[in-house]
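Notes follow once the structure below has been shown.
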Amino acid sequence: MSGYDRYEEYDFDKIVDRRHSGSMKWDVAENELPMWVADMDFQTAPQVRQAIARRAAHGVFGYTIVPDEWYQAYMHWWKTRHSLEIQKDWLIFCTGVVPAISSMVRKLTTPAEKVLIQTPVYNIFFNSILNNGRVVLESPLVYRKGAYEAYEIDFEDLEEKLADPQTTLMILCNPHNPVGKIWDARTLERIGELCWKHHVCVISDEIHCDLTAPGCSYVPFASVSEKCRENSITCIAPTKAFNMAGLQTAAVSVPNPVLRHKVWRGLNTDEVAEPNAFAIDAAVAAFTEGGEWLDALRGYIFENKRLVEEYVAKEIPGVSVVPSQATYLSWLDCSALPAPAEELAAFIREKTGLYLSSGEQYGGQGKRFLRLNAACPRSVLQDGLDRLKRGIADYQI
């Protein structure tokens, strides 16, 4: 029995009541079911909970250093899981991937310069760019409805926009949120060649890298060529895979020493490079002891996403699910329905209480898509799918 098939050893079917716990996701009305933000409804790995309990039992929560164990945990995980040799000097602690990206946008670009993103993409990228006085430059992905490889890169458009002298930074999402795409090595190398040619630095957000489907693995951007390695910063963390974003623990890996110094200065200037009292212990426990739990989780999520695909195909005419290799998010194509996603999402929430993300906020063709978070107990997911069916049926009346 493989690790992916062993999810029955962990109780992912257990419903944890998150209402009135300070949860952003669950700060909703009593009749509402939130399936929007990328936050799982499962308890984190037992090993992580035990590490936090041990730290809490100590009772003193002063200023915290980043010990050698933290570096070793990241290095070992990426070497054994993703075949990437990370050197200790490349790693810098940060409180989260989003704070790191915002800090790097400020440090590596100047006001009014352009930052390229491939849409539809994680909506907070827009915030990190616009809130810092930079310009969003979209290179929309090509969508082929019904194809197994539903999303591809328009390299002609990408190069044209990278060649713009005002474009100085690209934020890559690898694997890609919300479409669940794992970029292959050839594609990543081609991106790296173009960015090197046009002097555009790459920030690769790889926070979803451990949430691939069983049998699938992601390719770290920095692993595919020397140019990719020397011209990039990789954002990594245990928070998405182990459901502990509230602990504020992440890292950036920067092989190029000149680029690393700039990033280090930015993170420290912005005061996002100091861990809280639980951030180190939780990350170390996740990466050194949590592998079996994670593989079981991946198996459970894969079954959940398959349920979404089968249910939608059978029960909800006019909607289709984009094939996905990574993340626990389902990207729902609603283009056959006579409504933009924002209006449809609002109607479904009002009529059924199901709270989904409107695809419009992700840019590109997202205005005809909805994003559903399937990382929850299966009974809860079934409830969500039934609400989705009812809401879309009512909308079409």
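The values are calculated or read from the model by the stated rules, or taken from the named source; none is laboratory data. It should be emphasised that the depicted structure is a prediction, and the values quoted were computed from it without experimental measurement. Ideal geometry is used to build each Cβ from the backbone, glycine not excepted, and the neighbour counts take in all protein chains shown. Side chains included, ligands, DNA and RNA excluded: accessible areas come from the protein's heavy atoms. Shrake-Rupley method; radii C 1.70, N 1.55, O 1.52, S 1.80 Å.
Against the definition (aliphatic (A, V, I, L, M) and open to solvent by 10 Å² or more (accessible area, probe 1.4 Å)), how does Ala245 come out, yes or no? Yes; evaluated as a whole, the condition is true for this residue.
Out of curiosity, is Leu344 assigned to a strand (DSSP E or B), of a type in the set (A, V, I, L, M, F, W, C), open to solvent by less than 50 Å² (accessible area, probe 1.4 Å) and at negative phi? For Leu344, the condition - assigned to a strand (DSSP E or B), of a type in the set (A, V, I, L, M, F, W, C), open to solvent by less than 50 Å² (accessible area, probe 1.4 Å) and at negative phi - is not met.
For segment 217-233, state whether one or more residues are within 29 Å of Ile52 (Cβ to Cβ), open to solvent by 10 Å² or more (accessible area, probe 1.4 Å) and at pLDDT below 95. Scanning segment 217-233, I find at least one residue that is within 29 Å of Ile52 (Cβ to Cβ), open to solvent by 10 Å² or more (accessible area, probe 1.4 Å) and at pLDDT below 95, so the answer is yes. Residues that are open to solvent by 80 Å² or more (accessible area, probe 1.4 Å) and modelled with pLDDT of 95 or more within segment 3-19 comprise Asp13, Lys14, Ile15, Asp17, listed in sequence order. Evaluating Lys227 against the criteria (1) in contact (Cβ under 8 Å) with a residue 60 or more places away in the chain; (2) part of a helix (DSSP H, G or I) leaves one unmet condition, (1). Does segment 111-118 contain at least one residue that is out of contact with any Asp or Glu (no Cβ under 8 Å at 6 or more places or on another chain), among the aliphatic types (A, V, I, L, M), touching a residue at least 12 places away in the same chain (Cβ under 8 Å) and assigned to a loop (DSSP other than H, G, I, E, B)? Yes - at least one qualifying residue is present in segment 111-118. Within segment 43-101, the residues that satisfy the criterion of being open to solvent by 30 Å² or more (accessible area, probe 1.4 Å), outside any helix (DSSP H, G or I) and aromatic (Phe, Trp, Tyr) are Phe61, Tyr63. With segment 248-337 as the region, which helices (runs of 4 or more DSSP H) entirely inside it contain at least 3 residues that are open to solvent by 10 Å² or more (accessible area, probe 1.4 Å) and either of a type in the set (Ser, Thr, Tyr) or more than 24 Å from Asp89 (Cβ to Cβ) (or both)? Here the list reads 291-315.
Selection within segment 347-377: residues that are touching a residue at least 24 places away in the same chain (Cβ under 8 Å), touching an Asp or Glu at 6+ places or on another chain (Cβ under 6 Å) and in a helix (DSSP H, G or I). The member of this set that is nearest to Tyr328 (Cα to Cα) is Gly366. Val121 falls short on exactly one of the conditions (1) at pLDDT below 95; (2) aliphatic (A, V, I, L, M); (3) buried (at least 19 other Cβ atoms within 10 Å of the Cβ), and that condition is (1). For the subset of segment 142-174 comprising residues that are part of a loop (DSSP other than H, G, I, E, B), of a type in the set (A, V, I, L, M, F, W, C) and modelled with pLDDT of 95 or more, which member is most open to solvent (accessible area, probe 1.4 Å)? Ranking the candidates gives Ala163 first. Of the residues examined, Asn177 is not one that is open to solvent by 60 Å² or more (accessible area, probe 1.4 Å) and at pLDDT 95 or above. When you look at Ile207, is it buried (at least 24 other Cβ atoms within 10 Å of the Cβ), at pLDDT 95 or above, β-branched (Val, Ile, Thr) and more than 30 Å from Gln43 (Cβ to Cβ), yes or no? Spelling it out, it is not the case that Ile207 is buried (at least 24 other Cβ atoms within 10 Å of the Cβ), at pLDDT 95 or above, β-branched (Val, Ile, Thr) and more than 30 Å from Gln43 (Cβ to Cβ). Look at Glu32 and say whether it is farther than 30 Å from Ile124 by Cα, surrounded by 12 or more Cβ atoms within 10 Å (Cβ to Cβ) and acidic (Asp, Glu). It is false that Glu32 is farther than 30 Å from Ile124 by Cα, surrounded by 12 or more Cβ atoms within 10 Å (Cβ to Cβ) and acidic (Asp, Glu).
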